[in-house]
Amino acid sequence: MKIEVQQVGQLMTNCYIVWDENTSNAAIIDPGDDGAYLAECLTKKHLTLRYILLTHGHYDHITGVPELLETCGTEPEIYMSACDLGLDPVFAEDKVTLDPNRVKDWKEGDAVTMDSITFKVLSTPGHTPGSVCLIAEDVIFSGDTLFQGSCGRTDFPGGSWGEMEKSLRKLYALPGDYLVLSGHTGSTTLERERKTNVFMRSAVS
């Protein structure tokens, strides 16, 4: 499994391109708002986009989807929790809507397999009702649930601090350690967050 991060949009959202080295099939996690640029990245690496995986429905993570579909040259499957379709606007930029007929719902325990890579879905509401983390091998793509030293805001429409605490406890309880790649900020590890993240430690105390 190969991973490349691209920071896209005004909020510098971390978009992850994940691909199988043997087949050159790729998934994009949270394409932000620059689909054409991401399609160009795929072309330069000779990758074929098979999946668009959305950790939640905020504009800074999904706005690039329509443009990416227009320019990628394939018909990738799109996954996002149905709970986040039609979220109430947070900012004026929240104008993008995804075609519900194109988006496949996923829930806790579901998995999306692309060749040798399997993305396991962990439901982690709190930032939004449909927020998920994706586990692939020894990596957690945590979206806006868990950050280095922090966690996602819960004061937006659909947010819930009580749900966020449950989600942080769920992540804390995962066996072993993982590389954590979040929707913003730098990378971290789950064990580091268990020891030092004040929000996670408060949730489990």
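The values are calculated or read from the model by the stated rules, or taken from the named source; none is laboratory data. The structure displayed is predicted, hence computed values, not measured ones. When we count neighbours, we look across all protein chains shown, and the Cβ atoms used for this are built from the backbone with ideal geometry, even at glycine. Note: areas computed on protein heavy atoms with side chains; ligands, DNA, RNA excluded. Shrake-Rupley method; radii C 1.70, N 1.55, O 1.52, S 1.80 Å.
Numerical summary
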| read-out | value |
| --- | --- |
| Flag for K120 being in a strand (DSSP E or B), within 29 Å of V198 (Cβ to Cβ) and among the basic types (K, R) | yes |
| Residue pairs meeting the criteria (Cβ under 9 Å; at least 6 apart or on separate chains; first on the phi > 0 side of the Ramachandran plot, in the stretch 178-205; second modelled with pLDDT of 95 or more) | T185/N14; T185/F147; T185/Q148; T185/G149; T185/S150 |
| Residue within the stretch 121-133 that is modelled with pLDDT under 90 and of a type in the set (S, T, N, Q) present | no |
| Total residues in the stretch 36-46, condition closer than 22 Å to M80 by Cα and touching a strand residue (DSSP E or B) at 6+ places or on another chain (Cβ under 8 Å) | 4 |
| Whichever residue in the stretch 101-118 is on the phi < 0 side of the Ramachandran plot and loosely packed, with under 12 Cβ neighbours inside 10 Å and, among such residues, is modelled with the highest pLDDT | T113 |
| Residue in the stretch 141-157 that is open to solvent by less than 30 Å² (accessible area, probe 1.4 Å) and over 19 Å from M12 (Cα atoms) present | no |
| Filtered residues of the stretch 4-18 (kept if of a type outside the set (D, E, K, R) and either open to solvent by less than 80 Å² (accessible area, probe 1.4 Å) or in contact with a Gly (Cβ under 6 Å, 6 or more places away or on another chain) (or both)) | V5, Q6, V8, G9, T13, N14, C15, Y16, I17, V18 |
| Single residue of V8, V112 found to be under 17 Å from the mean Cα position of the chain (by Cα), of a type in the set (V, I, T) and more than 26 Å from D155 (Cα to Cα) | V112 |
| Residues within the stretch 44-79 that are of a type in the set (V, I, T), surrounded by fewer than 24 Cβ atoms within 10 Å (Cβ to Cβ) and at pLDDT 95 or above, tallied | 2 |
| Unmet requirement for R192, which otherwise passes all of (1) open to solvent by 70 Å² or more (accessible area, probe 1.4 Å); (2) under 19 Å from the mean Cα position of the chain (by Cα) | (2) |
| Tally, over the stretch 158-172, of residues that are open to solvent by 10 Å² or more (accessible area, probe 1.4 Å) and without any contact (Cβ under 8 Å) to a residue 60 or more places away in the chain | 10 |
| The stretch 1-43, residues that are at pLDDT 95 or above, touching a His at 6+ places or on another chain (Cβ under 7 Å) and not acidic (D, E) | N14, S24 |
